[in-house]
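Have a look at the structure below, then the notes.
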Amino acid sequence: MNVRGTVAGDIEVRSVSTSYGESDLAEVPLRLDDEDGRDRGNGGNTGNGRDVGSDGDGRNVTTVTLWNKWTESARLLEPGMELLVTDAKSEEYRGEVQYATTGDSYVVVEPGFLVNVTSIRNWVECPRLYYLNKLSGVPLNYPVVKGTLVHEVFGDLLRGRDLEESIDARVEERGLELGLLGETPESVAEDVRENAAAIEGWLEQGRLTEADSWRSEQLLISETFGIRGRADAVRRGAPVELKTGKNLKKEPRFKDKVQAACYALLLEEHGGDVDTGTLLYTKNSALDRNEETGDLTPAKDFAMGDGLLKFVVRLRNEIAAMERSGDVPTGYEADAKCEYCFEQDTCMVVSGRLDQESKAGQIGQALPAEEREYFDRFYRAIEEERREVHREYAKLWEQDAEERADDDRALIDLEFVEKRPLEGGRWELRARRTGGGTSKLREGDLVLASDGHPVRGNAELARIERIGGTEPRSADASSGQRPRDDDVLLTADEPVEVTRLDVYPSELTTDRLLVALHDCLLKGDERRKDVLFGRAEPEFDLSDEEFIDNNDAQNEAVRTAVGANDCALIHGPPGTGKTYTIARAIRAMVDRGERVLLSAFTNRAVDNALEALLEQLEDGGEVGGASQTNRNGDGEAVDVVRVGSESGVREDMEPYRLERAGDPADRVAELGDAQVVAATTATCGSRVMKEQAFDVALVDEAAQLTEPGTYAAANLAGRFVLVGDHEQLPPVVRAENDLTRSLFERLVDRYPDAGVMLDRQYRMNQRIQAFASREFYDGQLRPATPAVAGRTLDDLADVSRDALPESLRDPVAFVDVEGDDGQYTDDEEAERIADLVQTYEDAGLERSKIGVIAPFRAQVSTISNRVPEDVTVDTVDRFQGSSQEVIVVSFTATGSLEGPIFEDYRRINVALTRPKRALVLVGDSNALESDPVYRRMLEWARR
Ligand SMILES: Nc1ncnc2c1ncn2[C@@H]1O[C@H](COP(=O)(O)OP(=O)(O)OP(=O)(O)O)[C@@H](O)[C@H]1O
């Protein structure tokens, strides 16, 4: 039986004499969860129905005894931590049911915290190494890239690809990275070939028969042990790990065994019975037998003992407990020898700068106290965010398929259509949607594609090539069967018969935030930090040049951006020409010979700004073409490069997209010579972008970025310009902590003089903008021109306001609907909105010109089911940054309001500022009047 619960008190570890001799034990007071994993609360029973004791709160607390080596994990426990004991036995003691570990038990501390297999491997080498790796990320260096290449070739060989073809293709794909490292394709191919010889030799040795079952790269997630990772390969159900180093001993290295043992655990949980592990040291085959002594065989097998598996879980527990407590490892936890460690210098510098206790010691001067405090605070905030990502993982097994679909986290009930082998051994998978259902899943997303369950079933990481009606982007992804609109097209390493897709909770963003934080504070420029920490005011060298002649605030914003020595802040309320101003500022910077990074939170904003910039450059000369050459004001060529994935970059910006594959020297020149590089802030944290340096970074949507998220772009440049609106959507984070406030907002408050607010809007009829202006922008927002102020539906061809009922002729209208009792849906509102859409259509408006905004996804679905497809219905978050002729808002609240409907007034600001010519609010006036902001909104709408 498995026992799971929350530690409810202090733990004592002691020794007792047993019939087997002296044994250690720890008695853990545990408040048991009920069967579906939730806290039991008052008066429940254990699974077997017998009584257990109660703690002071009257909750059910029992004692779980952990024996012998598991006492090591017991020492990590603190009240409030989660604990799982598998294969426990129950025993009655003084009328109370207690539990104890058996010989088969595993003890798992904080099972909901998913530890990566590579983290466990680093930790066993030295806990501090694990920490340092988190801070520095994966660097761009040749051993790392070569290692990746060898792994890719290994996977290709397992999938039956020809060796030479694989090497050529894989080296070609990494052209850009190899170029940045100054490598030539020939020498890299030779290097990879030497390593691959070990793999080929081994495959050909006859140790593998046709009967061998192989699987390359497998993503494994354990809900029991709280471990996840990707095994390089699985042979006859046992893990095979590839190492590009050498090992002349008979046995695999201990840390490598630990890694293979993690995969063994994961495979056992998926029903396997693993008794061996294999390590393949590819460099062994490249060594000269005459010069080296020892065991040169690349493949080393070892027996997978029970003791090792349990040891691995204890290691994992150490990481989970430390991460929960928020501590930083010192290195004393392990008996690693610092003098043999390659990371000793880095370790000492980090310890010195952050004034951390460490086994290696400290060098250098500590950062000022406020910077260390800041680092600690944000380090913890980012780790909290990581835990939230882990909670997303837990939902993969805690929620059933329907719950996940309702939550927008999965597409279920797909019908598997076909699988098709692709060149290079990968597969194209096609599945058909059978129900309606919306989801967060988009083209280019990585998903867990499974034949039924993302963790328990056969599951594989797959990429969505196409979803819905659009055509596939890559030539590779076309198929024999005629695609249908409801088809989902995927590519994956293995031919999973897909019937379900789940959102893949990626930690990549979290990882990159930590690296950006580290780089800003430990490697960042001192002057920059003086400004960030309030020790120096931002400085400017402003010129008198006029950049924009019809909008003073925009002109001032460009002057400030161009003249900033440290940073500038452009506050752009809805429709005030942020994109236009950014483009003008970049053109001015380019004219001054500066190298500019153009960044934003989303791909969409990057592409919009890039498009506006290209238009600006076009004025100065010829545009586009395959050479992507644009000209500045003096007619000189300006090279513009967009860095991003094929699915992320808008199709019309594709000619500017940096191709990563190809000749290393060409690729690196293309990026290095570009005067303007455009990429999302997430991409700015990639190892390729981290090698780039700019004079200035211009970051759009900055109010939606966390502080470290902003550093990812700002770190790459000498000065930075942030553009955004902190009265619209805040940073997208899961945890409630320091990450919810943007650097933009903090700096706007701190340095009002470094900011300029754009105050003329080019979007809305005056009547529409009035409320937002008063409520969110101190009444400063105004229409840019009389034409904007007077916009109505009458301006549109074939539309007549006279054809509308009286109540809808004003640009702002309110429709009072009592509504039903649904918490997240309202059928009455949905019904009324469907009528409204019809009414506008009857008055001559095209349906595609209407947008509907609702606060909850469930209401979005309810409305979508009632209106024609060409009406866009979505949540506020999806509408930010866009506009529409007519916007209808569904408030979905009846009777009373429990908290603001749109969670945050900033969301209401976004919703109300999307329309150009007409806005219709639909909701229950009684509910809305109970909140002061909504009451004022109603007064305005009903005027
Ligand atoms: N100075 C200007 N003169 C004339 N037209 C302008 C000026 N500034 C902006 N516009 C026009 O106003 C419209 C909105 O501008 P832009 O797209 O730059 O706004 P934005 O602030 O980026 O919008 P959003 O709030 O959606 O991000 C565009 O059509 C743009 O061409």
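No lab work stands behind these numbers, since they all come straight from the coordinates. Keep in mind that this is a model prediction, so the values were computed, not measured. Cβ atoms come from the backbone with ideal geometry, glycine included; neighbour counts cover every protein chain shown.
Summary table below
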{"quantity": "Value of [θ]222 nm, deg cm²/dmol, for the chain, DSSP H segments ≥ 4, -39500 (n - 2.57) each, nearest 500", "calculated": "-10000 deg cm²/dmol"}
{"quantity": "Summed residue charge, Cβ within 13 Å of S105's Cβ, Lys/Arg positive, Asp/Glu negative", "calculated": "+2"}
{"quantity": "Whole-number percent relative contact order across segment 540-758, with pairs defined as alpha carbons under 8 Å at least 6 apart", "calculated": "26 percent"}
{"quantity": "Packing rank of 525-532, 594-601, 905-912, 253-260, where each peptide gets the mean count of other beta carbons within 10 Å, highest leading", "calculated": "594-601, 905-912, 253-260, 525-532"}
{"quantity": "Positive dipole terminus of the chain, leading residue within G137, T892, L414 (C-beta point charges)", "calculated": "G137"}
{"quantity": "Segment 140-209 - charge dipole about Cα centre, Lys and Arg +1 at Cβ, Asp and Glu -1, debye rounded to 20", "calculated": "340 debye"}
{"quantity": "Environment charge of V562, counting only residues whose C-beta is closer than 15 Å and scoring Lys/Arg +1, Asp/Glu -1", "calculated": "-4"}
{"quantity": "Among the listed pairs K529/K578; K578/K916; K243/K690; K257/K690; K255/K395, those beyond 24 Å (Cα-Cα)", "calculated": "K529/K578; K243/K690; K257/K690; K255/K395"}
{"quantity": "Peptides ranked, highest mean first, by Cβ atoms within 10 Å: ranges 12-18, 60-66", "calculated": "60-66, 12-18"}
{"quantity": "Relative contact order [Cα under 8 Å, 6+ residues apart], the chain, whole percent", "calculated": "8 percent"}
{"quantity": "Cα centre as origin, Lys/Arg/Asp/Glu Cβ charges: segment 778-942 dipole, Debye", "calculated": "840 debye"}
{"quantity": "Whether segment 540-758 is rounded, prolate or oblate, judged on the alpha carbon gyration tensor where a/c under 1.5 counts as rounded", "calculated": "oblate"}
{"quantity": "Centre separation in Å (Cα based) which lies between segment 344-389 and segment 858-929", "calculated": "44 Å"}
{"quantity": "Relative contact order of segment 778-942, defined on C-alpha pairs under 8 angstrom at six or more residues apart (%)", "calculated": "27 percent"}
